[in-house]
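Inspection log for the structure reproduced underneath, given as structure tokens.
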Amino acid sequence: MPGGSHGTGDVVLALDVGTSSTRCLAFDPAGRQIAGIGTTREYQARVTSDGGSELDADAVLEHGVACLAGAAEAVLRGGGRVLAVGVCTFWHALLGLDDAGRPATWPWSAGSSGRHGGTVARSSGWSSWS
């Protein structure tokens, strides 16, 4: 049942991890946003001396978990349940992980940090980077 006076009902959470913030919103099964359920964590990228832009991978992960947890808790408090979570992240971005699933590299985004593109391509075994 959709949100309202009868409770939250079944929802799908949408997590958007962007370059300036991470957001999580709730939607009913018909795709309508559920008012009052949403979390946002803002942050600012560090600008490097050569014009690049970097985010702390551990902090971005922490923000994502916090946003998901906050939205999920709101759904549960409203008597609902989370059916699924959709995730959207940086456009054309990569993040290397170690064997334990922890960030092992800085997030890399096409066009914003070209000095690392060749390194990523070589370490991945790709013959070209475009």
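A few points about this structure:
- The single condition from (1) under 30 Å from Asp98 (Cβ atoms); (2) hydroxyl-bearing (Ser, Thr, Tyr); (3) surrounded by 14 or more Cβ atoms within 10 Å (Cβ to Cβ) that Ser49 fails is (3).
- In the stretch 73-84, the residues that are surrounded by fewer than 20 Cβ atoms within 10 Å (Cβ to Cβ) and either among the β-branched types (Val, Ile, Thr) or under 16 Å from Glu42 (Cα atoms) (or both): Val82
- Of the residues Ser5, Ser21, Ser49, Ser53, the single one that is of a type in the set (Gly, Ala, Ser) and at pLDDT 90 or above is Ser21.
- Ala14 meets the conditions (1) more than 25 Å from Thr105 (Cβ to Cβ); (2) at pLDDT below 95; (3) not basic (Lys, Arg) in every case but one. The failed one is (2).
- Candidates Thr89, Thr39, filtered to the one that is of a type outside the set (A, V, I, L, M), at pLDDT below 90 and within 17 Å of Leu25 (Cα to Cα): Thr89
- Matching option when the condition is surrounded by 13 or more Cβ atoms within 10 Å (Cβ to Cβ), of a type outside the set (Phe, Trp, Tyr) and touching a helix residue (DSSP H, G or I) at 6+ places or on another chain (Cβ under 7 Å), among Gly38, Gly70: Gly38
- Every residue from the stretch 49-72 that is free of Cβ contacts under 8 Å to residues at least 60 places away in the same chain and more than 18 Å from the chain's Cα centre (by Cα): Ser49, Gly51
- Enumeration of residues in the stretch 8-26 that are of a type outside the set (S, T, N, Q) and surrounded by fewer than 18 Cβ atoms within 10 Å (Cβ to Cβ): Asp10, Val12, Asp16, Gly18
The values are calculated or read from the model by the stated rules, or taken from the named source; none is laboratory data. What you are looking at is a predicted structure, and each value in this text was computed from that prediction instead of being measured. Reconstructed Cβ throughout: ideal geometry from the backbone, glycine too, with neighbour counts over all protein chains shown.
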